[in-house]
1. Which sequence of 256, 141, 70 reflects their accessible areas, 1.4 Å probe, from the largest down?
2. Calculate one ³J(HN,Hα) per residue across segment 243-259 by plugging θ = phi - 60° into the Karplus curve 6.51 cos²θ - 1.76 cosθ + 1.60, and present them in order as whole Hz with x for glycine and proline.
3. Name the residues whose placed amide hydrogens come within less than 5 Å of the amide hydrogen of residue 92, ignoring near sequence neighbours (fewer than 5 apart) on the same chain.
4. For segment 78-123, what is the charge dipole size about the Cα centre, in debye to the nearest 20, if Lys and Arg each add +1 at the Cβ and Asp and Glu each add -1 at the Cβ?
5. Which distance in nm do the two modelled labels at residue 245 and residue 73 give, with both placed 7 Å along the Cα-to-Cβ direction?
6. On a full-extension model of 0.36 nm per residue, what is the gain between residue 376 and residue 318, subtracting their alpha-carbon distance, rounded to one decimal in nm?
7. At 0.36 nm per residue, minus the direct Cα-Cα distance, what do residue 83 and residue 106 gain on full extension? Give it in nm, one decimal, please.
8. Return the FRET efficiency for the residue pair residue 189, residue 306: r is the Cβ-Cβ distance, R0 is 30 Å, and the value is rounded to the nearest 0.05.
Amino acid sequence: MKNKNPNSLKLKIHLAWLQAKLNALFARGLVAYVSAIVLFVLAISLGVFFFFNSAVPNTITITSGPEGSMFETTAEKYRKILARQGIKLKVLRSEGSRDNLKKLSDTRIKVDVGFVQGGEADDFDISSLVSLGSVSYQPLMIFYSGEPKRLISDFKGKRLDIGQKGSGAHALALALLKVNGIESGNDVTLFNTVAGDLAKALTEDRIDAIFMMGDSYSVESMRKLMYTPGVSLFNFTQADGYTRRITYLSKLNVPMGTLDFGKNIPSEDVNLVGPTIQLIARDSLHPALIDLLLETAQEVHSPAGIFKKQGEFPVLLDGEFRVSPGASRYYDSGKSFLYRTFPFWLASLINRSIAAILPIAILLIPGLKIIPVLYRWRMRSRVYRWYRVLFALERDTFSPSMDDEKRKALLERLDHIERTVNKIIVPASFGDLLYALRGHISFVRARLLSPVSPAETEP
């Protein structure tokens with residue numbers, strides 16, 4: 001058989017020699033394979049760590065209410081409790097519940113969470129907001145002067161302070177007046193806020209009634225009105241009807257004498273109506289911070305009060321906002337094990353470390369199983385590739401044109417192959433392959449050196 005390309009064998013020898021050199025430089029033994037896989041997995045894990053598992057923020061911004069309001073007072077309680085865990089709570093004042101929702105739905109404003117009363121979501125884009133649960137009832141209290149009034153329709157033609165725009169009292173007052181057929185300008189004169197002492201404004205006949213809620217008024221203001229002679233607290237005699245028509249409202253009862261038994265305030269059972277207050281957050285809030293906020297909410301809101309039983313709040317209730325998955329998990333099983341067992345900073349560090357290590361484990365365990373297979377293949381390939389060169393050389397020995405000059409050239413090539421093979425380094429466990437290759441090289445040399453031309457032995 002005639003060799004059509006006499007340089008092909010040389011090329012194969014040089015390529016095999018080059019590959020052997022590269023093996024010696026970059027792939028010496030099992031350590032190289034393990035190191036390569038570990039470095040690869042580590043790079044992936046670092047990417048996961050930095051892009052998806054950044055550190056838990058240690059600052060939260062909450063939008064509350066006006067200065068002195070119950071919302072701001074509650075936010076201050078949250079701030080003190082969270083400080084024990086190393087979390088800084090920034091309290092952002094607002095005009096009240098509706099203004100809180102406006103701030104939360106506006107992504108240009110840096111705020112994370114806020115108090116929002118039910119029934120105010122219709123006018124806002126709440127797709128990026130989630131509920132962490134309801135934390136309390138928020139009763140609407142109407143203080144008025146003059147003759148007793150049984151119905152809200154009795155306020156027709158009166159001068160009413162319904163709170164500043166952006167407050168929950170303002171929004172709910174307009175809703176209640178509307179279902180009673182009372183419209184601003186035609187049937188009633190509305191004020192957003194009355195300057196000065198509210199009790200004096202009523203007793204001095206500057207206004208006829210004030211609609212108040214805790215999101216925009218202080219407890220002291222309400223208490224002062226309760227004790228002011230000539231000022232009465234409106235009794236919602238139609239409370240059951242209002243809760244049917246305005247579904248986010250609840251009926252709330254203040255039994256006689258509850259506020260002051262000695263002075264018998266109130267002097268009779270009083271029915272009120274009001275929505276629940278929800279803790280609303282942006283859906284980007286870190287799950288660990290959700291746990292801390294709900295733990296704080298439990299400490300602040302779970303004690304019994306005039307309008308609630310022990311442990312009644314916080315609670316998840318169906319409403320306008322979708323429920324946070326993190327909040328749902330918290331209500332079902334409490335804080336996660338890490339944050340329940342360790343201080344917040346340490347739990348956060350462990351959690352992030354696990355987040356980095358887990359991808360390593362997922363990728364490294366299968367990788368370690370593959371390493372022995374790759375290693376065996378790599379060691380065999382160092383030896384077996386030379387068989388291709390040896391087979392090509394042996395086929396040339398069967399050439400009909402074999403003469404002494406060609407035999408000498410083939411022997412020189414075979415010597416070069418042998419010298420290169422002798423430089424191959426393999427572990428002792430693969431020594432049999434290398435010794436077998438050397439034996440086959442000797443076999444081919446013996447054929448070339450045989451007195452009888454190999455070509456003559458070809459059938």
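The values are calculated or read from the model by the stated rules, or taken from the named source; none is laboratory data. Remember, predicted model here, so these are calculated numbers, not experimental data. With ideal geometry, Cβ positions are generated from the backbone for all residues, glycine too; neighbour counts draw on all protein chains shown. Protein only, heavy atoms only, side chains kept; ligands, DNA and RNA dropped before computing areas. Shrake-Rupley method; radii C 1.70, N 1.55, O 1.52, S 1.80 Å.
1. Details: 256 100, 141 25, 70 70 Å².
Sorted descending by solvent-accessible area, the residues read 256, 70, 141.
2. Calculated HN-Hα couplings, in order: 5, 6, 7, 10, 5, 7, 8, 10, 8, 10, 10, 10, x, 4, x, 4, 6 Hz.
3. Placed amide hydrogens put 62, 63, 64 under 5 Å from residue 92.
4. Values: 11 positive and 7 negative charges, 111 e Å.
With only Lys, Arg, Asp and Glu charged at Cβ, the dipole is about 540 debye.
5. 3.1
6. Details: separation 58, 0.36 × 58 = 20.88 nm, distance 6.16 nm.
So the chain would gain 14.7 nm between residue 376 and residue 318.
7. Additional length available on full extension: 5.6 nm.
8. Working: r = 32 Å, r/R0 = 1.06.
For R0 = 30 Å, the calculated efficiency reads 0.40.
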